[in-house]
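Before any comments, here is the structure.
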Amino acid sequence: MRTASITRATKETQIRLSVDLDGTGKATIATGVGFFDHMLDLLARHSRIDMEIEAKGDLHIDFHHTVEDVGIALGQAVKAALGDMRGVTRYASLHLPMDETLTRVALDISGRPFLVFRTEFAVAKIGAFDTELVREFFQAFAINAGLTLHVETLYGANAHHIAESCFKGLARALRAAVAIDPAAAGEIPSTKGSLGG
Ligand SMILES: [Mn+2]
């Protein structure tokens with residue numbers, strides 16, 4: 001079973017979260033941040049990774065700690081669920097269009113965490129949500145999941161579309177990369193014999 005649960009509590013946030021990599025995209029998300037819930041719901045739906053995420057954060061300050069800490073915990077859960085990564089497809093990339101926006105996502109489940117994030121927003125906010133937190137989430141998720149993750153928005157205008165294209169692009173790339181490759185089931189896809197840096 002490729003599942004994991006994470007409980008994370010600090011003075012800033014309390015998070016309970018679980019994932020099933022072989023799910024259907026079922027999501028129960030409650031972070032207290034409406035736009036972020038929308039993005040996480042998309043992430044679950046389009047990755048087909050079942051996600052239960054409950055976060056209680058210090059939203060009276062701002063959304064930063066909650067977004068970053070959910071990224072950390074979700075990354076840890078995905079990494080734990082992957083285990084020794086036996087049989088995974090490992091690499092995936094795609095272009096994700098959303099109306100006028102096009103974002104390219106490439107990832108390697110490498111155990112060598114690295115983020116390249118070339119996405120810019122012309123506005124500081126989407127509703128109450130700071131657009132700079134999109135990058136914060138991707139950074140926390142990539143580092144803690146052990147992903148080499150490249151995200152680049154080639155063009156786009158609407159900030160909601162740009163954010164959504166990043167999350168959907170990550171979702172579809174994850175779906176392909178975590179899938180078991182039937183031709184290589186049981187094998188660890190590395191000439192080193194292990195993944196993990
Ligand atoms: Mn939307």
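The values are calculated or read from the model by the stated rules, or taken from the named source; none is laboratory data. Here the structure is a predicted model, which is why all the values come from computation and not from measurement. Glycine also receives a Cβ, built like all others from the backbone with ideal geometry; neighbour counts cover every protein chain displayed. Each accessible area value is taken on the protein alone, full model and side chains, heavy atoms only, with ligands, DNA and RNA left out. Shrake-Rupley method; radii C 1.70, N 1.55, O 1.52, S 1.80 Å.
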Do we find that residue 6 is open to solvent by 20 Å² or more (accessible area, probe 1.4 Å), in a strand (DSSP E or B), in contact with a Leu (Cβ under 9 Å, 6 or more places away or on another chain) and within 16 Å of the ligand (Cβ to nearest atom) in this structure? no
Would you mind stating whether residue 51 is more than 14 Å from the chain's Cα centre (by Cα), away from the ligand (no atom under 16 Å from the Cβ) and either open to solvent by 60 Å² or more (accessible area, probe 1.4 Å) or modelled with pLDDT of 95 or more (or both)? no
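The rows are residues; the columns are (1) within 25 Å of residue 96 (Cα to Cα); (2) within 16 Å of the ligand (Cβ to nearest atom); (3) open to solvent by less than 50 Å² (accessible area, probe 1.4 Å).
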{"position": "11", "(1), (2), (3)": "no, no, no"}
{"position": "18", "(1), (2), (3)": "no, no, yes"}
{"position": "23", "(1), (2), (3)": "yes, no, yes"}
{"position": "38", "(1), (2), (3)": "yes, yes, no"}
{"position": "44", "(1), (2), (3)": "yes, yes, yes"}
{"position": "63", "(1), (2), (3)": "no, no, yes"}
How many residues are small (Gly, Ala, Ser), within 14 Å of the ligand (Cβ to nearest atom) and open to solvent by 10 Å² or more (accessible area, probe 1.4 Å) when one looks only at the range 162-197? 0
Exactly one condition in (1) in contact (Cβ under 8 Å) with a residue 60 or more places away in the chain; (2) of a type outside the set (Val, Ile, Thr); (3) under 19 Å from residue 49 (Cβ atoms) is not met by residue 136; state its number. (3)
Which of the strands (runs of 3 or more DSSP E) found entirely inside the range 66-161 contain at least 1 residues meeting this: open to solvent by less than 70 Å² (accessible area, probe 1.4 Å) and within 16 Å of the ligand (Cβ to nearest atom)? 91-98, 101-109, 147-155
